[in-house]
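*Asks:* Just passing along the structure, written as structure tokens.
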């Protein structure tokens, strides 16, 4: 049933793609996020420079940024964040 439904969507051109999504190996380096071309992380594809929140937090003295949710490079762990390209 699901395959038949997918075939109807494709054959009938019922959907139009407006974005491309990719998943890339990544690590945090300081406040930046490095994206790599492969799982071995031998070649840097791009670097996202992230900023810390500028507003003071009542709960903690530490402010957040997107890079905080990516594993640091020195851990040897690799994460695959999604990128939405429009």
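The values are calculated or read from the model by the stated rules, or taken from the named source; none is laboratory data. All values derive from a computational prediction rather than experimental measurement. Virtual Cβ from ideal backbone geometry, glycine too; neighbours counted across all protein chains shown.
*Asks:* So, in segment 22-46, of the ones that are touching a strand residue (DSSP E or B) at 6+ places or on another chain (Cβ under 9 Å) and loosely packed, with under 10 Cβ neighbours inside 10 Å, which residue ends up nearest to residue 75 (Cα to Cα)?
*Replies:* This residue is 42.
*Asks:* Related question: Where the second residue is in a helix (DSSP H, G or I) and modelled with pLDDT of 85 or more and the first is exposed (fewer than 10 other Cβ atoms within 10 Å of the Cβ) and lies in segment 1-17, which pairs have Cβ atoms under 9 Å and are six or more apart or on separate chains?
*Replies:* Close Cβ pairs satisfying both conditions: 14/8; 15/9.
*Asks:* Output the residues belonging to segment 1-32 that are assigned to a loop (DSSP other than H, G, I, E, B) and more than 30 Å from residue 51 (Cβ to Cβ).
*Replies:* Scanning segment 1-32 gives 1, 12, 13, 14, 15, 16, 17.
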